[in-house]
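The values are calculated or read from the model by the stated rules, or taken from the named source; none is laboratory data. None of these values were measured; they are calculated from a predicted model. Positions of Cβ are backbone-derived with ideal geometry, glycine not excepted, and every protein chain shown enters the neighbour counts. The accessibility values were calculated without ligands, DNA or RNA, using every heavy atom of the protein model including side chains. Shrake-Rupley method; radii C 1.70, N 1.55, O 1.52, S 1.80 Å.
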Amino acid sequence: MTASLSRSAFWRGFREGLPFVLVIIPFGLLFGVVATEAGFNLAETMAMTVLVIAGASQFAAVQMMADNAPAVVVVVTALAVNLRMAMYSASLTPHLGKAPVWQRALIAYTLVDQCYALASQEYERRPQQSMAEKVAYFFGSSMVVCPFWYGMTLIGATVGEAIPPGMALDFAVPITFLAMVAPMLRTLAHVVAALVSVTVALLLAWMPHNTGLLVAGLVAMAAGAQTELWQARRSAGL
């Protein structure tokens, strides 16, 4: 019975992850093209994709390297962009924290935006699921997202020059994040953080090496936290 439920959860995750293929294909192709144009060879491009497996930070790092940004700035920016993974991990810990170590290691490796978005919504919809079902669901979604990311990056890096410029692959980056973030704006604090991050990022677009994004992220987190504190005080009648 348990094995049957786990298989069902795995294939549910796999099916629900399939729509993301529509954005992962151009997203991966674009990264392969961008990395190649930045001077990365095929081995370097694929090593970065397989080891980092985080599109946003990969784009940020490659573009900053192409702009000859200092190595420290490149590393700090990539880490800052990926700080959201720490928040994802904290959010999923109540659901997956008691899984075996080897499973948690694989989950940590394949924890990307799409898999987190699917898993967090699934666990809210079905809180009664067993640990095995939750793990199976997560791996089902990652079995769609991760292989396509690797494969599309490889294709983009090898045949990128043959891709017509008119395809406008760069549309995939904002579309992907809009599709994932929009359903998560469920509270006033979320909305405030999102609006503040966009506003501050635009105001600081003049800063070198896109460092304004780092400032925008910190300010947005502070704004979201303050909004939650204000709501808590208001509810308590203080």
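I need the calculated FRET efficiency for the pair Thr211 and Arg233, taking r as the beta carbon distance and R₀ as 41 Å, to the nearest 0.05. Write out the running numbers ahead of the final one.
On the way: r = 34 Å, r/R0 = 0.82.
With R0 = 41 Å, the Cβ-Cβ based efficiency is 0.75.
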What does the accessible area of Arg15 come to, in Å² to the nearest 10, when a probe of 1.4 Å is used? 140 Å²
At 7 Å along the Cα-to-beta-carbon direction for both Val21 and Ala3, put a label point, then send me their distance in nm to one decimal. 2.8 nm
Which entry in [x] 58, 39, 35; [y] 53, 36, 34; [z] 52, 50, 33 is this structure's computed Cα extents along the principal axes in Å? [z]
Computed about the Cα centre, the charge dipole of the chain from +1 Lys/Arg and -1 Asp/Glu charges at the Cβ has a magnitude in debye, to the nearest 20, of 980 debye
Out of Met87, Met152, Met48, any idea which swings most in a Gaussian network model of the chain, alpha carbons joined below 10 Å? Met87
Subtracting the Cα-Cα distance from 0.36 nm times the residue separation, let me have the gained length for Thr187 to Ser91 in nm, one decimal. 33.0 nm
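Rounded, prolate or oblate, given the Cα gyration tensor of the range 1-139, with a/c below 1.5 counting as rounded?
On the way: a/c = 2.73, a/b = 1.99, b/c = 1.37.
Verdict is prolate for the range 1-139.
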Max mean-square fluctuation residue, GNM over the chain, Cα-Cα springs under 10 Å, options Leu204, Leu214, Leu118: Leu204
When only C-alpha pairs under 8 Å and at least 6 residues apart count, what is the relative contact order of the range 185-238, in percent? 42 percent
